[in-house]
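Taking it in order: structure first as structure tokens, then the write-up.
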Amino acid sequence: MRELVLRLLPEIRDMKDAGLQNKVIACWQDAIEFRGWTEELLRSIPFTLLAENVKITFIDHVRAVCRMCMACDKVLDEVHGAGKTPVNRDYLIAGSLLADVGKLLEFEIVDGKPVKSDYGKHIRHPFSGVGLAFKHDLPSQIMHVIATHSKEGAGEKRLPESIIFHHADFIDFELVK
Ligand SMILES: [Fe+2]
């Protein structure tokens with residue numbers, strides 16, 4: 001299972017903190033086991049169920065946004081100088097890899113297809129994602145990214161890691177939806 005998560009999300013290894021890598025893997029393992037997702041099904045989940053004929057997958061969306069976040073952090077450091085923009089790179093990576101992990105609970109598998117479950121209508125993924133992260137003792141800054149990345153965070157004062165993730169997420173969403 002650990003190998004499956006690393007195969008799906010090789011960006012996990014971009015975090016310097018091995019303990020944090022393990023906690024992110026543990027959250028994904030729990031979310032995969034909750035509905036019994038197989039690798040094939042996981043790779044077939046569309047990026048969003050809100051639009052028809054979506055060409056990119058959920059996993060590729062998570063990876064693309066994570067990599068956009070890392071690129072954004074790198075550019076800010078290189079141009080403005082390290083330290084001018086106070087971003088914890090490991091927290092940014094962990095937050096971006098966990099922001100949507102709760103979608104694996106939101107969706108269920110009906111006739112071999114992912115559909116939104118009643119559970120998902122009651123508990124959107126920012127909430128289930130924070131629940132998973134709390135269970136595995138992730139830092140509050142990372143739970144903050146999960147909690148505030150979507151509409152639930154509108155009006156909240158977002159940390160730098162959440163600001164970067166929120167915008168990168170919507171680049172992918174608006175270009176590909
Ligand atoms: Fe999301």
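The values are calculated or read from the model by the stated rules, or taken from the named source; none is laboratory data. For clarity, every value in this text was computed on a predicted model and none was experimentally measured. Positions of Cβ are generated from backbone atoms using ideal geometry, with glycine treated the same way; all protein chains shown enter the neighbour counts.
A few remarks follow.
- When residues in the range 48-85 are screened for being part of a loop (DSSP other than H, G, I, E, B) and either within 14 Å of the ligand (Cβ to nearest atom) or aliphatic (A, V, I, L, M) (or both), 7 of them pass.
- The single residue among 126, 114 that is of a type outside the set (Asp, Glu), surrounded by 15 or more Cβ atoms within 10 Å (Cβ to Cβ) and in a strand (DSSP E or B) turns out to be 114.
- All of 43, 7 fail the test of being in contact (Cβ under 8 Å) with a residue 12 or more places away in the chain, closer than 21 Å to residue 117 by Cα, over 14 Å from the mean Cα position of the chain (by Cα) and in a helix (DSSP H, G or I), apart from 43.
- Flag for residue 155 being over 23 Å from residue 21 (Cα atoms), part of a helix (DSSP H, G or I) and not basic (Lys, Arg): no
- Residue pairs whose Cβ atoms lie under 9 Å apart, separated by 6 or more positions or on different chains, with the first residue in the range 86-105 and under 14 Å from residue 17 (Cβ atoms) and more than 10 Å from the ligand (Cβ to nearest atom) and the second modelled with pLDDT under 95 and part of a helix (DSSP H, G or I), are 89/77.
- Residues satisfying the stated conditions in the range 118-144, i.e. free of Cβ contacts under 8 Å to residues at least 12 places away in the same chain and either within 16 Å of the ligand (Cβ to nearest atom) or under 14 Å from the mean Cα position of the chain (by Cα) (or both): 121
- Reported count of residues in the range 145-166, each being in contact (Cβ under 8 Å) with a residue 40 or more places away in the chain and not polar (S, T, N, Q), is 7.
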